[in-house]
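Report on the structure given below.
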Amino acid sequence: MDRRQFLASAAALAASPALAQPAAKLKGRIKQGLWKVNFGADTKLSFDQECQIAQRLGLKGFDVIPDKDWPTLRKYGLDPLMVGPGKTDYLRGLIHPEIWDATFKGIVDQAELCSRNNVRRIGLTAGERRGMDYKTAADNCVEFCKRLAPELEKRNVVLVMENVNDRRGADSDLARQDMVFGHWDWGVEVAERVNSPSIKLLCDLYHLQIMDGDVTWRLRRDIQHIKHVHVAGVPTRKEIDEHQELNFHAIAQVLVDLKFDGYVCHEWRLSPGADPVAAIAKAVAIMDG
């Protein structure tokens, strides 16, 4: 970003009505974080400015920030809440034995980097089926995760597997095709069989509602397996406001009642023309429990 772009983005930031108001004091019973997508695909804000906004609004950090930007997060008292799986084949994930050695090394290397920098969660999908049946995929995932778990445990790092829907077409912003961990119970079975504090689930509520529903019932039943949560409005994956079908106020209260100690991170996409600061502030207030 050059000086002219910086000044323009700073002016736009200062003009946000949301920043003209005192920041609301959060109850803080739910630890919340952001994604960069919350600021819009065409944002002119620098990452420093995004961190300033997050700090002012009471957020704990961001998901999926590269390690070169971790010092910027820490400068504002924020953390990398969940990072990617390092040098691994993201789409084949954990279920294909032919790539296990490379996947194992990639995740362990990432866990070592995380451990040295006090980062505690690595996120990954279980992988595309590519013709594999669900039972074989579950057996493979359990076998691999049991091999991986001791390496993660000794580094105090958790791998969280994310559920993904395949019902919203080929738009990767809305869905991913052929992912084995689509229906929630598949991941629960894997987590139960592995039975490690370092192999848990990332519960994406947007994907969960589309694939299975019964969101709060599943949260209550399976909270012991969940270490990270993503929120976005259904069906559009936009803001978690009154135009969406899920009642996120009620969901937040369930998480409070369950004493959920992981992070709830906002993964919704900003609506065109919306004020990102106002949208984030509103979403944070909704999930404040």
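Based on every Cα atom in the stretch 94-148, Rg and the maximum pairwise Cα distance Dmax equal 12.5, 39 Å. If I compute solvent accessible area with a 1.4 Å probe over the protein chains, what percent of it on the stretch 14-150 is carbon and sulfur? Answer for the stretch 14-150 is 53 percent, counting heavy atoms of protein chains only.
In percent, rounded to a whole number, the relative contact order of the stretch 205-273 is 38, using alpha-carbon pairs under 8 Å and six or more apart.
Taking all protein chains together, PHE248, PHE104 sort by accessible area into PHE104, PHE248, largest first [probe 1.4 Å]. The stretch 66-120 and the stretch 205-243 have their alpha-carbon centroids 24 Å apart. Give the aspartates and glutamates reachable from LYS87 as a straight Cα distance under 18 Å; neighbours fewer than 8 places away on the same chain don't count. Counting by Cα, and skipping residues close in sequence, LYS87 has these aspartates and glutamates nearby: ASP63, ASP67, ASP69, GLU98, ASP101, ASP109, GLU112, GLU128, GLU151, GLU162. Summarise the accessible area of the stretch 156-226 (1.4 Å probe, protein heavy atoms) by the percent that is carbon and sulfur. In the stretch 156-226, the share of accessible area belonging to carbon and sulfur is 41 percent. For the chain, which DSSP H helices look membrane-span-like by this rule: Cα extent along the axis of 20 Å or more and mean Kyte-Doolittle of at least -0.5? Length and hydropathy pass: 100-116. Each residue of the chain gets 129 Å³ once the volume of the Cα convex hull is shared out per residue.
Charged side chains reduced to their Cβ positions (Lys and Arg at +1, Asp and Glu at -1) give the stretch 111-217 a dipole of some 480 debye around its Cα centre. The three principal axes of the Cα atoms in the stretch 105-250 give end-to-end lengths of 44, 36, 29 Å, sorted in falling order.
Counting every pair of alpha carbons in the stretch 63-119, the share spaced more than 18 Å apart comes to 38 percent.
Computed from point charges on the beta carbon alone (+1 for Lys and Arg, -1 for Asp and Glu), the dipole magnitude for the stretch 161-241 about its Cα centre is near 180 Debye. Excluding residues on the same chain fewer than 8 positions from LYS282, give the lysines whose Cα lies under 20 Å from its Cα. The reachable lysines, counting only those whose Cα sits under 20 Å from LYS282, are LYS25, LYS27, LYS31, LYS36, LYS60, LYS238. Using every Cα-Cα pair within the stretch 14-149, state what percent have a distance larger than 27 Å. Tail of P(r) above 27 Å: 37 percent of Cα pairs. Each Lys and Arg Cβ is given +1 and each Asp and Glu Cβ -1; about its Cα centre, the stretch 173-289 then shows a dipole of about 240 debye. If both residues of a DSSP beta bridge must be in the chain, then about 5% of such bridges are antiparallel.
Compute the whole-percent fraction of alpha carbon pairs in the stretch 113-195 spaced more than 15 Å apart. Considering the stretch 113-195, 61 percent of its Cα-Cα pairs are separated by more than 15 Å. Largest accessible area first, the residues GLU128, GLU112 order themselves as GLU112, GLU128 under a 1.4 Å probe with ligands, DNA and RNA left out.
The values are calculated or read from the model by the stated rules, or taken from the named source; none is laboratory data. Quantities reported herein were computed from a predicted structural model and do not represent experimental measurements. Glycine also receives a Cβ, built like all others from the backbone with ideal geometry; neighbour counts cover every protein chain displayed. Please note that ligands, DNA and RNA were not included when accessible areas were found on the heavy atoms of the full protein model with its side chains. Shrake-Rupley method; radii C 1.70, N 1.55, O 1.52, S 1.80 Å.
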